[in-house]
Structures are given as C-alpha cells and as structure tokens.
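Chemist: Below is the structure I would like to discuss, written out as structure tokens.
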Amino acid sequence: MKNNIVPSEPYKPKPVYNKDHKIVSYQLRVPQKFSDGTRGEIFNKNWKVPKQWETMSADERRNAVNNANMEFACECNMGIFVNKQTRLKRTAEEMAYDNNKITFSCAVNEFVKYRKNNAGLRANTTSQDIHNLSLAIKLFGDKELEYINLDDGNTFISALYSLENDGVEKYIKRTKQTVIKHFKRGTIIKYFTVTHAFFRWCKDTKHYMAINPLEGKRNKLKYEYGEDVIQRKSHTIEEMKTILNELKNEPIYWQLFTLLFIDTGCRRGEVLGVEWSDISFKNESITIKQNVQRSRERGTTVGPIKNNQVRNVYPSKEFFELLKKYQKSLKENINEDNQFTNYVFYDHTKARMMRPNEVSDYYKMFGKKIGLKLNPHKFRHTLGNLMADNGTTIKVIAETLGDSIEVANRYYTNDAENRKKEASKNYQKMLSE
C-alpha cells in the first residue's frame, strides 16, 4: 500500500544573483515526505522577486520570501505543484499520443529509460546521456522525429564546431566575470557519439525514423585519424619525478593510491574496487575485476569493470612494501567499532567506502601544492604514451590498461607516431640552422 504524503518543512530559500550581484530570485526547495518517515523527490521552484524589490525594507523582503516559501510548500504537500521536468515530459507524451507521432524530447526520455533498465549500464551513465544529448535537445526538442533529415544532421555538426571554435558565454560567480568557454574536442566527440547512437536506436530499434541524419558524418569530425585525433594529456618524465619526490611527504594511504595509478594505469573506480582478496603478495600482482561509481540516484555502487575485461596488473616492489606496512597498521588499530573491511582503500575515518570524487579532489589539492595539474586519469594516459613510445605492442597496451585494441590504437599508437614525426621535424630543423 502506498504511503500517505505528510506536510514537510521546506529548506531555507537560497538567493540567486545576477551579474551585478543583485538578487533577482530565490531558489525554493521542498522535500517530499511520507507517513513512514521516508522521503521522496525534492521539488524545486525559482521564485522571482517583485518589481518593487529595491524599494522594500529588509523586513518586507524577508516576509515576502517566507510567504512565497510557505505557499510553495503547501502546493507541494497538496499535490498541486508539478515540477518542470515532469510537466515537460507529460506535454511531450501527450503531443506524441495526440498526433500519433513522437517528438525528439519524448524519444530521449524513452531512450534513457531503455538504457537504464535494459542495457545493464553503470550507475551514472544515464545522467551522462542526458548531458551529452543536451545540444541536440536544444536544436530538435519539439520536432517530430520523422521530419528530422540530413540537413538537420549538418546543422548539428555545425553547432558542434561552434561550441569548439566560438565557444559559449559562461558567468563565473567567484570572479563575477563573463568568460568564453571553448569545448574540448573530447567533449565534442562524446556529444556526437551519443546523439549518433540515439538516432540509430530510433531508426533500427524503434522505427521512429527512416534515416539516421548523422550516418556517415563521423569523418567530418576526423574522429579516428588525421591531425585532429583526440589528444590525451599526460605527464612528462620531469613532472613524474617531481610527483614521486613530493609524494614521500604525503600520508601512506595516498602514496599507495598514487603508486598504483602510476604503475598500472588503472581507472579511479577500479582502484577503489580492489579488495584484499584480489592481492597476491607472492606474485606481486593485483586482479582488477570491479569498479566503484557514485551517482545521485543510487549513491556509491560496485559493479563490473569497463567491457568486463578482468585483468591482472603488476605494481612495483615499492608499492607492495608500503602496502604491507599499511595492512599492519590497520590490523593494529582495529576495534569493535572499526571493523577490518574487504576493500583496501576504505575510508576508516568516516566508516564508509571512499567516493570517486574524493580521490579527484585530493589530486587537485596535491597538484596545487606542487605546482602541477593532476587527476587520476592523467597517470593512465602517461603510462599508455610511455609504453607506445618504447615500442610496446598495441595488444599489450590494451591488455594492461583494460582497453580494446581499437581504443588503444586510436589514443596511444597514433599519438606516438605524431610525437615521432614532431621529433624528426625538430631534429631536421636543428641540422638546417
């Protein structure tokens, strides 16, 4: 039996400022609460301040905001208020039903549900799908799928180029300035790839449209070959020496993290998913078999690694020596309230699993301390590039990093050839001077 909704106290309204740092509206938030004490979704509403706001006294402003907040809470508790996302969804579904045709936005909702329920995707993939389809939604939102043609595909490609070359305006609250943000090529590729997959699903699976307007347009982005191959940022040898030297002053916990990233090129979530049973001190190897992710909907979850490619990695002897010390210190400090967990990188101070974003936050802080821009994935690209530069076969690179041969070839082998070509040009230039 469904629980009854009971009145709940709204959150404190948060002011929204414009470029001149003047309040233009308030963000109202009311949580849904049921009779058994559980909570449902959180309702949001942007309440614009009245025109006479500047002439109102402080008490009048406070009363106006409080009244608006309480009225909004009443609407939510009585079921009168419907959030924008639900309202747009209903409108799209009603339009599709009435016209016996489906719009782009309505198909996107169905696509995301399909991917979430049937495709066995990881926790945060569906939210990323919405983000990657945002440009296409802006262009084709209310347009019926059967009327989207090849010209619309070219319009989408042009819009992608505009994001990369012209950029978009973005207001920075911290500096109170408007800057031009240029999208990186990797982001452009993601937008194209997900939108292409969506159109293919509409055409081949649901038969909502006769053609895929992005079919055959991948080469326009020079996706796999040529000078515009995706550039994966990596560290130089000098930077790696600086990192390893400064790392000695960091806690042993983060020393282990960093050495594992450097030695094996593992992904952030793969490192967090390592259990003590996955480690072989005798063979000095670790089995990578699961991945930790976090999303707003599901929280922290443990699932299979990308492409389900279970593999063994072989960190350095220094890593295993530190790991033995770390394991010993954990066993010495175990008590009834702080049990020894299966996971190696467990946050014992907070008695929960370490979250992926906390790992990235640490490297941002560590990078500022030593004057370098750090993130866990950059170590992965560094290892891949070094292996390619030293003649390691593409198959070994792919198996080490847990990538497909196609991906490893695209990101590392082609990039290595470009670096060799550049080195050859520089050498010839030196001889001609």
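Nothing in this text is a laboratory measurement; each read-out follows from the coordinates by a stated rule. No experiment lies behind these values; they were computed from the predicted model shown. Every residue, glycine as well, gets a Cβ built from its backbone with ideal geometry; the counts of neighbours run over all protein chains shown.
Chemist: Identify the GluC sites (Glu not before Pro) of the range 230-322 meeting these criteria: DSSP loop state and at most 14 other C-beta atoms within 10 Å of the C-beta.
Modeler: Values: sites: Glu238, Glu239, Glu246, Glu270, Glu275, Glu284, Glu297, Glu318, Glu321; in loops: Glu284, Glu297.
When the GluC sites (Glu not before Pro) of the range 230-322 are filtered for loop state and at most 14 Cβ neighbours within 10 Å, Glu284, Glu297 remain.
Chemist: Give, in nm to one decimal, the length gained when the segment between Tyr147 and Lys324 is fully stretched (0.36 nm per residue of separation minus the Cα-Cα distance). Mind showing how you got there, number by number?
Modeler: Working: separation 177, 0.36 × 177 = 63.72 nm, distance 6.36 nm.
Separation in residues times 0.36 nm, less the Cα-Cα distance, equals 57.4 nm.
Chemist: Another question, then. Using 7 Å Cα-to-Cβ label points, what is the Lys12/Val407 separation (nm, one decimal)?
Modeler: Each label point lies 7 Å from its Cα, and together they span 4.4 nm.
Chemist: According to the square roots a ≥ b ≥ c of the eigenvalues of the Cα gyration tensor, what is the shape class of the range 142-195, taking rounded for a/c under 1.5, prolate for a/b larger than b/c otherwise, and oblate for the remainder? Write out the running numbers ahead of the final one.
Modeler: Values: a/c = 2.83, a/b = 2.14, b/c = 1.32.
Prolate, since a/c reaches 1.5 and a/b exceeds b/c.
Chemist: So if I place +1 on the C-beta of Lys and Arg and -1 on the C-beta of Asp and Glu, and nothing else carries charge, what would the dipole magnitude of the range 264-418 be about its Cα centre? I want it in debye, nearest 20. Intermediate values should be presented prior to the final figure.
Modeler: On the way: 25 positive and 19 negative charges, 81 e Å.
Using Cβ point charges on Lys, Arg, Asp and Glu, the range 264-418 gives about 380 debye.
Chemist: Which length gain, in nm to one decimal place, applies between Ile130 and Lys248 when the Cα-Cα distance is subtracted from 0.36 nm times their residue separation? All intermediate terms of the calculation are to be shown ahead of the outcome.
Modeler: Numbers: separation 118, 0.36 × 118 = 42.48 nm, distance 4.18 nm.
Gain on extension, Ile130 to Lys248, equals 38.3 nm.
Chemist: Can you give the charge dipole size of the range 125-216 about its Cα centre, rounded to the nearest 20 debye, using +1 on the beta carbon of Lys and Arg and -1 on the beta carbon of Asp and Glu? Each step should come with its number before you reach the end.
Modeler: Numbers: 13 positive and 11 negative charges, 148 e Å.
Result for the range 125-216 is approximately 720 debye, rounded to the nearest 20.
Chemist: Run through the range 248-324 and list the chymotrypsin sites (Phe, Trp or Tyr not before Pro) located in a DSSP loop whose Cβ has at most 15 other Cβ atoms within 10 Å.
Modeler: Details: sites: Tyr253, Trp254, Phe257, Phe261, Trp276, Phe281, Phe319, Phe320; in loops: Phe281.
Listed in order of number, the matching sites are Phe281.
Chemist: Mind giving me the nanometre distance, one decimal, between the label points for Val310 and Lys173, set 7 Å out from Cα along Cα→Cβ?
Modeler: If labels sit at Val310 and Lys173, their model points lie 4.5 nm apart.
Chemist: For the range 337-412, run through the trypsin sites (Lys or Arg not before Pro) and keep only the ones in DSSP coil with at most 14 other Cβ atoms within 10 Å of their Cβ.
Modeler: Those satisfying the criteria are Lys350, Lys373.
Chemist: Based only on other Cβ atoms within 10 Å, what is the fewest-to-most ordering of Cys74, Cys202? Walk me through the numbers before you get to the answer.
Modeler: Details: Cys74 14, Cys202 22.
Sorted ascending by nearby Cβ count, the order is Cys74, Cys202.
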